[in-house]
Amino acid sequence: MSDHGQQRTPVLLLEKVAKLYEGCPPVQVLHDIDLTVSQGELIAVVGPSGSGKSTLLSLVGTLDRPTSGRIHLEGHDLTGLSDRQVAALRARRIGFVFQQFFLLPGLTTVENVAAGLLYTGVAAGQRRERAESALRDVGLAHRLGHRPDQLSGGEKQRVAIARALVGRPGLLLADEPTGALDAVSGKGVIDLLLELNAQGTTVVVITHDRDLAASLPRRIGLHDGRIAFDMSDSDVHAAGNVEQGSPS
Ligand SMILES: Nc1ncnc2c1ncn2[C@@H]1O[C@H](COP(=O)(O)OP(=O)(O)O)[C@@H](O)[C@H]1O
Ligand SMILES: [Mg+2]
């Protein structure tokens, strides 16, 4: 077994989480998910289409609530929090990146990124400055006044990453962030996620890219709404299958 997160409060702790979508017929999308994510981890979530990856990400990202089970985010049991309290926690602690970017078409890049600071308590006057700084960090200082339709796919995703980061969240959740990008732009986006992780951000990324998944230190596989595998390089080290690197 792995020893993720025993030393300090985990970023995420899921206990017997299940999700049922009501409907005709109802769909049991997730069953019995137990999961611990520690601060600073970098995790790939893989699995066939329809296996529940996006649903899992929306639950841990507090965009939706489980039908049963408990989710703790940085020690807060979400079950006991009101929607308003959950929204406040989300705004301050979680950044999202999606395959489809979800930029607001009428706004410039800097306005789109500044929108990521709404509900975080950052004063209006500081939002623009912070947004410009986040855009510099993703290499888009020269595109501050562009609108989404004037940007390439890779640039749009970098704007979306800047928006996700501008509030300095501890947890970044990305749902197939390179799914709509060509290989070169995709690599740029992944490099950016790796850099953020190196700076301390916990990153969970859903991906269909096998090479990318294989390159990340922990891989979680979903199948039919259950965790089919959860593999860490540290587990491999502990099992003595890798010659170099010390057991953690
Ligand atoms: N809002 C919803 N209502 C009903 N069923 C849904 C809803 N969202 C997703 N599903 C179903 O849940 C299953 C898992 O979906 P999803 O989490 O998007 O999978 P993945 O991201 O792994 O492709 C699919 O069968 C999908 O049709
Ligand atoms: Mg999905």
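Nothing in this text is a laboratory measurement; each read-out follows from the coordinates by a stated rule. If you're wondering where the values come from, they're calculated on a predicted model, not measured in any experiment. Ideal geometry is used to build each Cβ from the backbone, glycine not excepted, and the neighbour counts take in all protein chains shown.
Here are a few things to note about the model shown:
- When DSSP beta bridges are restricted to pairs lying wholly in the stretch 12-238, around 55% turn out antiparallel.
- Gain on full stretching of the segment that runs from residue 118 to residue 215 - 0.36 nm per residue minus C-alpha separation: 31.5 nm
- Relative contact order (%) - criterion: Cα under 8 Å, at least six apart; region: the chain: 26
- Comparing 71, 225, 125 along the charge dipole axis of the chain, the residue lying farthest to the positive side is 125, per the Cβ-charge model.
- Applying 1/(1 + (r/R0)^6) with r as the Cβ-Cβ distance of residue 150 and residue 83 and R0 = 30 angstrom yields a FRET efficiency of 0.25.
- Cα pair distances of the chain binned at 5 Å [whole percent]: 1, 6, 13, 17, 19, 16, 13, 9, 4, 1, 0
- Proximal lysines to residue 16, defined as alpha-carbon separation beneath 17 angstrom and excluding residues fewer than eight positions away on the same chain: 53
- Over the chain, dividing the summed -39,500 (n - 2.57) contributions of all DSSP H runs of at least 4 residues by the number of residues returns a 222 nm mean residue ellipticity of -9500 deg cm²/dmol.
- Under 18 Å from the residue 27 label point (7 Å along Cα→beta-carbon), backbone N, the stretch 54-90: 54-60, 63-68
- Note that the stretch 116-128 has calculated 3J(HN,Hα) couplings of x, 9, 4, 6, 9, x, 6, 4, 3, x, 8, 5, 5 Hz, one per residue in order, obtained from phi through the Karplus relation 6.51 cos²θ - 1.76 cosθ + 1.60 (θ = phi - 60°); glycine and proline are x.
- Given charges at beta-carbon only (K, R positive; D, E negative), |dipole| of the chain in Debye: 820
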